[in-house]
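Heads up: the structure comes next, in C-alpha cells.
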Amino acid sequence: MMLAAALYSCSKSNTNAVSPGTNPGNPVSCDTTNMKYTANVLPILKANCYSCHGNGNSQNGITLDSYAAVKNQADNGNLVAVITHAAGYPAMPQGAAKLSDCDINTIRDWIARGTINN
C-alpha cells in the first residue's frame, strides 16, 4: 500500500509522450508474446511514468528509472495494480488516461515471463 500512497500524489505532466501501443488510436500491432524489458516495457514506462517516477524524479520515494526499481514494483504486485486501476490502489498515471490494454498486457507478459532484464 505504500506505493499506492506514494504514487497517488503525482500527476502526469507530459501527456504528449507516446510509445507504440500507448495511444488507443494508434494502429500498432499488439503482439504480447516474448516481451522484453528494454524493447517493450521501458518505452511504456518512459512515456507514461517518468515525468513523476523517472529521470531523477522520485515522487514520494517511488522511482521507476532503473531495472531493479521496476522489478521490485512488478514483483510486489504494485505495478500491475496501479496501471490496471485495481481497487485500493491509485489509478496511474494520475491525471491521465489509463494505459492501453496493449501496454498493460505487455507489462503483464513481461512479469509472467519472470521480469527478465533483457
query = Rounded if a/c is under 1.5, else prolate if a/b is larger than b/c, else oblate: which is the stretch 30-100, with a ≥ b ≥ c the root eigenvalues of its Cα gyration tensor?
reply = rounded
inquiry  = Please list, ordered by chain and number, the residues whose modelled amide H lies under 5 Å from the amide H of Leu64; skip anything fewer than 5 residues away on the same chain.
reply    = Gly54
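Each reported figure results from applying straightforward, stated rules to the coordinates on display, with no laboratory input. Being a predicted model, the structure only gives us computed values, none of them experimental.
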